[in-house]
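A short reminder: the numbers here are calculations on the coordinates, not readings from a lab. Everything numeric here is computed off the predicted structure, so don't read it as measured data. Counting neighbours? That spans all protein chains shown, and the Cβs are built from the backbone with ideal geometry, glycine included.
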Amino acid sequence: MSASKEKSADQPERRRYRPATECVFVDGTGVSDQYNASSVPIYQTATFKQASATEMGEYDYSRSGNPTRSNVESHLAKLMGATRAFAIASGMSALDVITRLVKSGEEIIAGNDLYGGTNRLLTFLKTHNNIVVHHIDTTNSETILPYLKAGKTKMVLLETPTNPLIKIADIPTISQHVHRVCPDALVVVDNTMMSPYLQRPLELGADITYHSGTKYLSGHHDLMAGVVGVKDNALAERIFFVINATGSALSPFDSFLLLRGVKTLSVRMETQQRNCQQIAEFLEAKGFKVRYPGLKSHPQYELHHRMALGSGAVLSFETGDVEKSEKVVESTKLWAISVSFGCVNSLISMPCRMSHASIPAHVRKERDLPEDLIRLCIGIEDVRDLIEDLENALRIAECIQ
Ligand SMILES: *Cc1c(COP(=O)(O)O)cnc(C)c1O
């Protein structure tokens, strides 16, 4: 039995602050420590001694509950607008736990421009667990209607903005459709791209939201983590059961790192998206096809900004030529060639060669994923250096004069 279990249910309403304040204000609704440590200590222990053979303490075993993890979980719940949040080993283990709520024979509807690892896990569930998975274009909210089957559809999985095509899904409208036709289906949103600082799917109609904590939440690419947030207590119990049963909860040390990272989420995100906006405008002015929700030319600009407080810090653009794109990627000096995003330093990649290479080539084609697409994940460097370096690489690759 874990302390994180009872906690949030009967807490009094607490005052909510603006997002930047919430990020840094760890209010001790997690678990207090006897010395009033300003930084939540790392309870590096597997077990907790009990007062007697019959009296159970708040914690007994770290797989089920650990004070460092309880603290990061209550802090994240607050940021996500969730009743309960869970910190898990990775973003993929978050999705693993969530999809275990779906049984053999039941159906999942998911987007068709998903994170590569998500695609891989869904394909695994399809082939090994007899779960039916439909991939649909989530940019149009009506596309889902013919796939919704009462009693069969148990989960709808959305990403918005998608990565790397930066397509937007209308969380409120799709959630309404799902809940009307399939009252027992869960709307799940992978909110990794926006972070809870910019978008809170639970407030937009979703039942579950999850993040790869490896990205913006930690911010430094020095840990792997996943976070799941829910509004409903009964649903939280089902998720806690799976985490405890499968043993995927986040370790005390990684919980400490995650909590430390989240405190600077607002400053990192603000700088990163300001830099990204300038780079998007620079590339667009040079005549490239740029995908970024901060550009008025994005076909779903209005929709995105109805749901989110900002545009994030990931964009993609096309050069029109795979070899030229490779040359650009290899010619930058400041931009690390790396998968992932959300780190303080800037990254450049070719999704079809890297993060999305696990999607078979014919499927990439079906989903209109351009092979020459370059993805930029913007960090907190001086944007003038980033633009100079990028401009230089574009010139070397003969994409610009
Ligand atoms: C990285 C990522 C994941 C997977 O998270 P890990 O922490 O790498 O397991 C899931 N969804 C999105 C959108 C991601 O970017």
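Partner aspartates and glutamates whose Cα lies under 14 Å from the Cα of LYS126, excluding those fewer than 8 positions away in the same chain, are identified as ASP96, GLU106, GLU107. In the stretch 14-83, inverting the average of 1/r over every pair of distinct C-alpha atoms gives 13.6 Å as the Kirkwood radius.
Relative to one another, the C-alpha centroids of the stretch 159-185 and the stretch 299-345 are positioned 23 Å apart.
With only Cα atoms counted, the stretch 265-396 has Rg and Dmax values of 14.3, 40 Å. Of LEU204, LEU157, LEU376, the residue with the greatest mean-square motion in the GNM of the chain, using alpha carbon springs below 10 Å, is LEU204. Can you list the residues, at least 5 places off or on another chain, whose amide H is less than 5 Å from the amide H of LEU250, using H built in the peptide plane? For LEU250, the qualifying residues are ALA87, ILE88, ALA89. In terms of Cα atoms, the Rg and Dmax of the chain work out to 21.4, 78 Å.
Based on C-alpha pairs under 8 angstrom that are at least 6 apart in sequence, the chain has a relative contact order of 16 percent. Looking at the stretch 270-354, the trypsin sites (Lys or Arg not before Pro) that sit in a DSSP loop and have at most 11 other Cβ atoms within 10 Å of their own Cβ are LYS296, LYS333.
In the stretch 298-345, what GluC sites (Glu not before Pro) fall in a loop by DSSP, with at most 12 other Cβ atoms inside 10 Å?
Details: sites: GLU302, GLU318, GLU323, GLU326, GLU330; in loops: none.
Taking the stretch 298-345 and a limit of 12 other Cβ atoms within 10 Å, no loop GluC sites (Glu not before Pro) are found.
Computed extension gain for PHE241 through ARG306, at 0.36 nm per residue and net of the alpha carbon distance, reaches 19.9 nm.
Restriction of the GluC sites (Glu not before Pro) in the stretch 62-167 to DSSP coil positions whose beta-carbon has at most 16 other beta-carbons within 10 angstrom yields GLU142. Dividing the summed helix terms, -39500 (n - 2.57) for each DSSP H run of n ≥ 4, by the number of residues in the chain produces a 222 nm estimate of -10500 deg cm²/dmol to the nearest 500. The shape of the stretch 234-326 can be summarised by an equivalent ellipsoid whose semi-axes, obtained from the alpha carbon gyration tensor, come to 36, 17, 17 Å from longest to shortest. Its relative contact order, with pairs defined as Cα atoms under 8 Å and 6+ residues apart, puts the stretch 265-396 at 30 percent.
Pairs LYS231/LYS296; LYS49/LYS231; LYS167/LYS324; LYS78/LYS296; LYS263/LYS286; LYS49/LYS263: which exceed 28 Å Cα-Cα? Could you put the intermediate results ahead of the total?
Numbers: LYS231/LYS296 33 Å; LYS49/LYS231 32 Å; LYS167/LYS324 24 Å; LYS78/LYS296 32 Å; LYS263/LYS286 37 Å; LYS49/LYS263 31 Å.
Among LYS231/LYS296; LYS49/LYS231; LYS167/LYS324; LYS78/LYS296; LYS263/LYS286; LYS49/LYS263, the Cα-Cα distance tops 28 Å for LYS231/LYS296; LYS49/LYS231; LYS78/LYS296; LYS263/LYS286; LYS49/LYS263.
Structural descriptor for the stretch 303-351: relative contact order 26 percent, calculated from alpha carbon pairs under 8 angstrom and at least 6 residues apart.
Only aspartates and glutamates eight or more places from LYS327 in sequence, or on another chain, were considered; those with a Cα closer than 20 Å are GLU284, GLU318, GLU371, ASP372, ASP385, GLU388, ASP389, GLU391, GLU398. Between the C-alpha center of the stretch 80-129 and that of the stretch 241-284 there is a gap of 19 Å. Helix 322-331 versus the longest principal axis of the chain: what angle, 0 to 90°, nearest 10, using Cα atoms? Orientation of helix 322-331: about 70 degrees from the principal axis. In plain terms, the residue of GLU391, GLU366 with the fewest other Cβ atoms within 10 Å comes first and the most crowded comes last, giving GLU366, GLU391. Across the stretch 362-367, rounded Karplus estimates of 3J(HN,Hα) from the backbone phi angles (6.51 cos²θ - 1.76 cosθ + 1.60, θ = phi - 60°) give 5, 6, 4, 5, 4, 8 Hz, Gly and Pro being marked x.
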